[in-house]
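S.K.: Sharing a structure here in structure tokens format.
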Amino acid sequence: MLPYRNLADAEVVLGRNLTTAETFWFHYSASMPDYLLFYHNIAFLFVTFTLVPLPIAVAELIRPSTIAPFKLQPKVTLPPSSFLKCYKDVLRVFFFVVGPLQLISYPSVKLVGIRTGLPLPSVWEMAAQLVVYFLVEDYGNYWIHRAMHSKWGYEKIHHVHHEFTAPMGFAAPYAHWAEVLVLGIPSFIGPALVPGHMVTFWLWIALRQIEAIETHSGYDFPFNPTKFIPFYGGAEYHDYHHYVGGQSQSNFASVFTYCDYIYGTDKGYRFQKAHLAKLREQWTAEEHNGIDISNHNGKIE
């Protein structure tokens, strides 16, 4: 709720005319309590979980040949029942865990200083804060995820997320309810350390979920703009972690690759990638020379 009676009051306090975005924000939020603005996150999460994975899921179920060249584990085909079960289980955790958590966490948001008033943050301010949020979350998530692969953590909690050895977008938030709660902690640390505007917080929550859905999509599209982000892991990077499964001690980071590189937990992935690159070179050379490669045992997933 904004402390201005009208637009003119807001412009007097700011000492300038409002931008188009600020005018829209004034009309939308002027009389809306701050807690209702925060609760928008529940709707954003629901829409993100439901709609973002949908295009690839529909393509895979109806016209799989259109995206087959980009599938990371081409030998694995999931039936429609797997997609439906995954989505239903995600919604169950959403309504019984994520939603209630959002409802009771508003005091924490106010405590750390996330604001709803004017002025709105600049694009550069939002971008800088989002970079901090991603870096902080990635570092915290790395260590939590690594702990989840301990014997106790995997058997009691994390095995649920690894039910999909060939992941799909809907499986990004598919996890034990306890894991969902614990992994929410590093997502909030960044905004707590560098509090910004509620709009930035909304964008952070949405982008983090979209990123998770992309890395669990099971497809590595060459035209994906995330390939231009330095040290970004992406779908291929995380797919290897799921492919190895419960025994995986590699590729724990959620977004970037620097933690795995620094702490030496990407060696298996790098070895396999180098090995497959050599096999592809060998097969290409043999095809060029007219040698039959149909009986090769090299494994490409």
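S.K.: Which whole-Hz couplings ³J(HN,Hα) result when phi for each residue of the range 222-237 is put into the Karplus expression 6.51 cos²θ - 1.76 cosθ + 1.60, θ = phi - 60°, listed in order with x for Gly and Pro?
M.R.: For the range 222-237, the Karplus-derived couplings read x, 8, 5, x, 5, 5, 8, 8, x, 6, 7, x, x, 5, 4, 4 Hz, x marking Gly and Pro.
S.K.: Arrange the residues ASP9, ASP266 by how much accessible surface each exposes, largest first, with a 1.4 angstrom probe. Don't skip to the answer; put the middle values down first.
M.R.: Working: ASP9 40, ASP266 10 Å².
Heavy-atom accessible area, descending, gives ASP9, ASP266.
S.K.: What is the calculated FRET efficiency for THR66 to PHE44, with r their C-beta to C-beta distance and R₀ = 25 Å, to the nearest 0.05?
M.R.: Working: r = 29 Å, r/R0 = 1.16.
Here the calculated transfer efficiency is 0.30.
S.K.: I've got another one for you. Give me the accessible area per residue for the chain, probe 1.4 Å, as a whole number in Å². It would help to have the intermediate numbers written out before the result.
M.R.: Numbers: 16060 Å² over 301 residues.
Spelled out: the 1.4 Å probe surface of the chain, per residue, equals 53 Å².
S.K.: Once you have all Cα-Cα distances for the chain, histogram them in 10 Å bins from zero and send the whole-percent values.
M.R.: 5, 24, 30, 22, 11, 5, 2, 0
S.K.: Further, regarding this structure: Each residue of the range 163-177 in order: what ³J(HN,Hα) in whole Hz does its phi give by Karplus 6.51 cos²θ - 1.76 cosθ + 1.60, θ = phi - 60°, with x for Gly and Pro?
M.R.: In residue order, the calculated couplings are 4, 9, 6, 10, x, 9, x, 5, 7, 4, x, 6, 6, 4, 4 Hz.
S.K.: Turning to a different aspect of this structure: Based on the inverse mean of 1/r over its pairs of different Cα atoms, what is the Kirkwood hydrodynamic radius of the range 39-137, in Å? Before the final figure, lay out the partial values.
M.R.: Values: mean 1/r = 0.0585 Å⁻¹.
Result for the range 39-137, one decimal place: 17.1 Å.
S.K.: Whose amide H sits under 5 Å from the amide H of PHE256, counting only residues 5 or more places off or on another chain, with H placed in the peptide plane?
M.R.: GLY233
S.K.: Lysine pairs in the chain with Cα distance under 28 Å, only those 8 or more apart or on different chains: how many are there?
M.R.: For the chain, the number of qualifying lysine pairs is 29.
S.K.: With a 1.4 Å probe and every protein chain kept in, tell me what percent of the accessible surface of the chain is carbon plus sulfur. Could the numbers behind the result be given before it?
M.R.: On the way: 10770 of 16060 Å².
Exposed carbon and sulfur together represent 67 percent of the surface.
S.K.: Highest mean first, what order results for 245-251, 62-68 on Cβ atoms within 10 Å?
M.R.: Numbers: 245-251: 15.9, 62-68: 10.9.
By packing density, highest mean first, the sequence is 245-251, 62-68.
S.K.: Ranked from the most accessible area to the least, with a 1.4 Å probe and all protein chains present, what is the order of TYR106, TYR269? Don't skip to the end; give the middle numbers.
M.R.: On the way: TYR106 45, TYR269 25 Å².
If we order TYR106, TYR269 from most to least accessible, we get TYR106, TYR269.
S.K.: Can you give me the long-range amide H partners of HIS176? Hydrogens built in the peptide plane at 1.01 Å from N, cutoff under 5 Å, separation of 5 or more residues or another chain.
M.R.: Counting only residues 5 or more places away or on other chains, the set is VAL160, HIS161.
S.K.: Just the number, please: Stokes-Einstein D of the range 73-191 in µm²/s, Kirkwood Rh from C-alpha pairs, 37 °C, 0.692 mPa s.
M.R.: On the way: Rh = 16.6 Å.
Answer from the Stokes-Einstein relation: 197 µm²/s.
S.K.: If each residue of separation counts as 0.36 nm, what is the full-extension length gain between LYS75 and ALA8 once their alpha-carbon separation is subtracted?
M.R.: Values: separation 67, 0.36 × 67 = 24.12 nm, distance 6.30 nm.
Stretched fully, the LYS75-ALA8 segment lengthens by 17.8 nm.
S.K.: Which one, GLY113, PRO74, TYR4, is farthest towards the positive end of the dipole of the range 1-134 when Lys and Arg carry +1 and Asp and Glu -1 on their Cβ?
M.R.: PRO74
S.K.: A further question on this structure: To the nearest 10 Å², what's SER81's accessible area with a 1.4 Å probe?
M.R.: Roughly 80 Å² of SER81 is accessible to a 1.4 Å probe.
S.K.: For VAL244, what accessible surface area do you get with a 1.4 Å probe? Give it in Å², rounded to 10.
M.R.: Accessible area of VAL244: about 60 Å².
The values are calculated or read from the model by the stated rules, or taken from the named source; none is laboratory data. Fair warning: this is a prediction, and the values are worked out from it, not measured in the lab. Neighbour counts run over all protein chains shown; Cβ positions are idealised from the backbone, glycine included. Only protein heavy atoms, including side chains, enter the accessible area calculation; ligands, DNA and RNA are left aside. Shrake-Rupley method; radii C 1.70, N 1.55, O 1.52, S 1.80 Å.
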